[in-house]
Amino acid sequence: MAGTSKVDIVNMALVKLGQETIADLDENNPRARTMSAIYDIVRQGLLRQFRWAFSKGRAQLASLTSTPSWGYTTEFQLPTDCLQLISVENQEDDPNLNFYNSYPQSQYLVEGRKILINETGPIKIVYVKDFEEAGDFDSAFVRAFADNLAFEACELITQSNTKKESLRADFQTSISLAIRANAIERPAQMQADTSWTMMRL
């Protein structure tokens, strides 16, 4: 959202809490200290929780010289700004396929900060980026982020949890609006096998 800053988002949350706004996150008051402490944690959690269209990134990874000790042949280092892997090109990580395999194993596996896979590489990935530039946030994300900050900071700043339920409802509304605006990509939903399909298999 062009022109939006960290302080703008924090102040949106503070207004929700009925608090005075701040001019800087380094101010020496409980509002600024609390928001500064939780800002990045809440931001990263919200980016991971939903597939925001603006925060998706792509990368091509070369294989590492090290290899997994067993189970897979090759490993790749995730990008430093990767919060969550979405997909590996030409690899379907479908847990339902394991039902039909005599030796169940996912096509790839994220373990720590590495992707384990039976490919020599390079591989191409789509992932959730640790997106930090407030001025480039989607407007729907800004609203949801402010609502989420207000919810998380409510008890610390107001010393009361009576507002938390209404703030939770505000956050859920923000997410619903973001989905309608296509700011959040809905993951494809796999349909359950019918009895006819199972009989054929």
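So the values come out like this:
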item: Subset of the range 128-175 (residues that are in contact with a strand residue (DSSP E or B) (Cβ under 7 Å, 6 or more places away or on another chain) and outside any helix (DSSP H, G or I)); result: Val128, Lys129, Asp130, Asp138
item: Lone qualifier among Asp8, Asp24 - being among the acidic types (Asp, Glu), farther than 12 Å from Glu152 by Cβ and not in a loop (DSSP other than H, G, I, E, B); result: Asp8
item: Tabulated pairs, the range 40-52, first more than 21 Å from Ala181 (Cα to Cα), second of a type in the set (Asp, Glu) and in a helix (DSSP H, G or I), C-beta under 8 angstrom, 6+ apart or interchain; result: Val42/Glu152
item: Conditions (1) in a helix (DSSP H, G or I); (2) modelled with pLDDT of 95 or more; (3) surrounded by fewer than 17 Cβ atoms within 10 Å (Cβ to Cβ): number failed by Leu46; result: (3)
item: Tabulated pairs, the range 2-30, first farther than 24 Å from Ser160 by Cα, second in a loop (DSSP other than H, G, I, E, B) and not hydroxyl-bearing (Ser, Thr, Tyr), C-beta under 7 angstrom, 6+ apart or interchain; result: Thr4/Phe137; Lys6/Leu25
item: Verdict on Thr80 being assigned by TED's automatic domain parsing to the domain that holds Ser176, part of a loop (DSSP other than H, G, I, E, B) and at pLDDT 95 or above; result: no
item: Criterion violated by Thr34 - all others in (1) at positive phi; (2) assigned by TED's automatic domain parsing to the domain that holds Ala150 satisfied; result: (1)
item: Number of the exception - Thr67 against (1) touching a helix residue (DSSP H, G or I) at 6+ places or on another chain (Cβ under 7 Å); (2) in a loop (DSSP other than H, G, I, E, B); result: (1)
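The values are calculated or read from the model by the stated rules, or taken from the named source; none is laboratory data. Everything numeric in this text was worked out from a predicted model, so none of it was measured. When we count neighbours, we look across all protein chains shown, and the Cβ atoms used for this are built from the backbone with ideal geometry, even at glycine.
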